[in-house]
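Some notes on the structure that comes next.
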Amino acid sequence: MIFGLGALQGALGWYMVKSGLVDNPRVSQYRLTAHLGLAFLIYAAMLWVALDLLFPRTHPGASRGAAPVRHGACSTDLRDGALGRARRRHTCRTRVQHLPAHDGRLVPPEIFSLDPWYLNFFSNMATVQFDHRLIAWLLAFLVPWFWLRVRREAASSRARLGAHLLLAALALQIALGIATLLLAVPVPLAAAHQAGALLVFSAALFAAHSLR
């Protein structure tokens with residue numbers, strides 16, 4: 001399956017580059033997002049298989065105490081994947097450089113300025129930035145809650161380690177995001193923030209795997 005996804009990624013990469021060889025030497029942001037999303041999927045599959053080989057199951061199922069927190073890890077994993085994809089949609093400099101408000105407003109006034117309305121979620125910089133912050137706030141509440149649940153339940157030491165790593169990775173990622181925004185997106189910080197998305201995603205997968 002991973003080999004097949006790798007072949008598909010090569011074809012999708014060519015399809016993405018092809019979009020910048022016609023009139024404008026820039027690739028389509030939609031194809032770029034698809035290319036990145038598939039890369040995350042391939043990485044997740046490879047990491048999961050590696051974790052299966054490093055930590056094979058010794059019992060037919062997880063302990064009863066770990067069951068309530070298992071879905072928390074999976075939902076965190078999915079939301080972090082979305083966080084990583086949204087981050088790539090605004091790699092250019094943005095005029096919104098205030099926290100927690102957007103230019104003094106909780107909700108930017110131009111959030112639904114494009115018509116039809118659904119284009120705002122993909123082509124409106126203010127909407128993408130607003131959604132990106134909402135996901136960050138959501139993770140800022142979900143991950144500490146997940147960390148507390150793992151600590152209170154009869155989870156394994158590896159699951160506790162995964163929860164610790166996830167919380168630490170998210171704290172680092174949020175700090176990088178705030179610094180990147182307030183400093184007007186310097187390239188080194190922006191690159192570190194993008195790498196941080198993969199770090200959080202990896203920690204979420206490790207935590208989910210440890211709670212099988």
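As an exercise, take the mean of 1/r over every pair of distinct alpha carbons in the range 134-212, invert it, and state the Kirkwood radius in angstroms.
Hydrodynamic radius (Kirkwood, Cα only) of the range 134-212 equals 13.1 Å.
The simple spin-label model puts a point 7 Å past each Cα toward its Cβ; for K18 and I178 those points are separated by 4.5 nm.
List the residues, sorted by chain then number, that are 5 or more residues from S28 or on another chain and whose placed amide H is less than 5 Å from its amide H. Amide H neighbours of S28: S19, G20. The order of the peptides 190-202, 110-122 by mean Cβ neighbours within 10 Å, most packed first, is 190-202, 110-122.
What order do L51, L189, L32 take when sorted by accessible area (1.4 Å probe), most exposed first?
Numbers: L51 10, L189 40, L32 70 Å².
Listed by decreasing accessible area, they come as L32, L189, L51.
The values are calculated or read from the model by the stated rules, or taken from the named source; none is laboratory data. For clarity, every value in this text was computed on a predicted model and none was experimentally measured. We place every Cβ from the backbone using ideal geometry, glycine too, and count neighbours over all the protein chains shown. Surface areas here come from the heavy atoms of the whole protein model, side chains and all, with no ligands, DNA or RNA. Shrake-Rupley method; radii C 1.70, N 1.55, O 1.52, S 1.80 Å.
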